[in-house]
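The values are calculated or read from the model by the stated rules, or taken from the named source; none is laboratory data. If you're wondering where the values come from, they're calculated on a predicted model, not measured in any experiment. Backbone-built Cβ (ideal geometry, glycine too); neighbour counts: all protein chains shown. Quick note on the areas: whole protein, heavy atoms, side chains included, nothing else; ligands and nucleic acids left out. Shrake-Rupley method; radii C 1.70, N 1.55, O 1.52, S 1.80 Å.
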Amino acid sequence: MKIIDIINSKKACLSFEVFPPKTSDKFESVKQAVDKIAALSPDFMSVTYGAGGGTSDYTVAVAKRIKELGVEPLAHLSCISSDRKDVAKKLEALKSEGIDNVLALRGDIPKDFSGNLDYHYASELVKECKDTGNFCIGGACYPEGHPESATLFSDIENLKKKVDAGCDFLTTQMFFDNDVFYSFLSKVREAGIYVPVIAGIMPVTNAAQIKRIISLSGGYLPTRFKRIVDRFGDNPKAMCEAGIIYASEQIIDLYANGVKAVHVYSMNKPEVAAAIKANLSSII
Ligand code: FAD
């Protein structure tokens, strides 16, 4: 089933994210995490591609497992390190497994990269997915602007090109202040982008995640969040509890303000996904 149809048919949606293993010997432990998260019956589950500690090799296999468990998978696919033949093969593999949903990404430009690229921006991959098959296509967006963009305004101009190339929905980078998201959403709508925007929420469950999170999210951490990390960062149990509650409160506020779809960067942590789901048990 297409994610856009799920979003359109429901009052509120909740999805979780997993990442594939780096090596085949880790597949079983990832599979166990995937099974436990799928048992929570999210509206869909996304599988990253060469990000979050996994590689690109097992994205399709993990997506296939999610489908077997009766949950709709969203397979991430990035293009910057691939050529057109590679991408065609990967799209074919997704099609042959009956995977309907692709998050079409550019990926980060490798630091030491030189030479010719087949792809420069995600919009080229979006177009290719559209031309190749009957995929429902998502794109990434950045409430604080993508780090390479000079301004949020120019980033949204580029986002419009990507949506016009064929995105059915967008998913945001993580953010920790919902006002940042609301402000972004109004700018996106003003720019003439009308596809659903899924709000990406990251439960921060240990202080070690913070450095990477700052580089991903654009750097803005609200004082309330910083105080939690300062106070509980060196106490893993307390940080985990506080991080789950902080994320749950963000999600409740999003739904209360009419946001239809929330995606949780649950990584491969079923206990975190379960705790968030439990906090929303009468809400979703
Ligand atoms: P693009 O949409 O191509 O944008 C990249 C930059 O180029 C932006 O600054 C944009 O403004 C600019 N740009 C776009 N089009 C044009 C144009 N026509 N002219 C000039 N400038 C332009 N990475 C992974 O490797 N694997 C994953 O699984 C993964 N999952 C992600 C999921 C989400 C929800 C998000 C938000 C990010 C994810 N990423 C993942 C990270 C992502 O690959 C990086 O942030 C990457 O740097 C940008 O990818 P993009 O698809 O947003 O690129």
Worksheet item: What number of residues within the range 95-130 are within 14 Å of the ligand (Cβ to nearest atom) and either part of a helix (DSSP H, G or I) or of a type in the set (Lys, Arg) (or both)?
Response: 10
Worksheet item: Counting residues that are open to solvent by less than 40 Å² (accessible area, probe 1.4 Å) and within 25 Å of residue 76 (Cα to Cα), which helices (runs of 4 or more DSSP H) fully inside the range 154-271 reach at least 2?
Response: 178-190, 210-217, 236-256
Worksheet item: Which of the residues spanning the range 35-86 are β-branched (Val, Ile, Thr), within 15 Å of the ligand (Cβ to nearest atom) and at pLDDT 95 or above?
Response: 47, 48, 59, 60, 62, 66
Discussion item. Can you say whether residue 145 is assigned to a loop (DSSP other than H, G, I, E, B), at positive phi and in contact (Cβ under 8 Å) with a residue 60 or more places away in the chain, as far as the supplied structure shows?
Written reply: yes
Item to complete: Starting from residues that are under 21 Å from residue 2 (Cα atoms) and of a type in the set (Gly, Ala, Ser), keep the ones in the range 131-151 and report whichever is nearest to the ligand (Cβ to nearest atom).
Response: 140
Practice prompt. Any residue in the range 115-126 that's within 12 Å of residue 159 (Cα to Cα): show its pairings with residues that are open to solvent by 10 Å² or more (accessible area, probe 1.4 Å) and aliphatic (A, V, I, L, M) at Cβ separation under 6 Å, as long as the two are six or more apart or on different chains.
Written response: 122/105; 123/165; 126/165
Discussion item. What's the total number of residues in the range 29-83 that are part of a loop (DSSP other than H, G, I, E, B), touching a Lys or Arg at 6+ places or on another chain (Cβ under 8 Å) and open to solvent by 50 Å² or more (accessible area, probe 1.4 Å)?
Written reply: 0
Worksheet entry | Breaking point among (1) within 17 Å of the chain's Cα centre (by Cα); (2) touching a residue at least 40 places away in the same chain (Cβ under 8 Å); (3) within 12 Å of the ligand (Cβ to nearest atom), for residue 163 | (2)
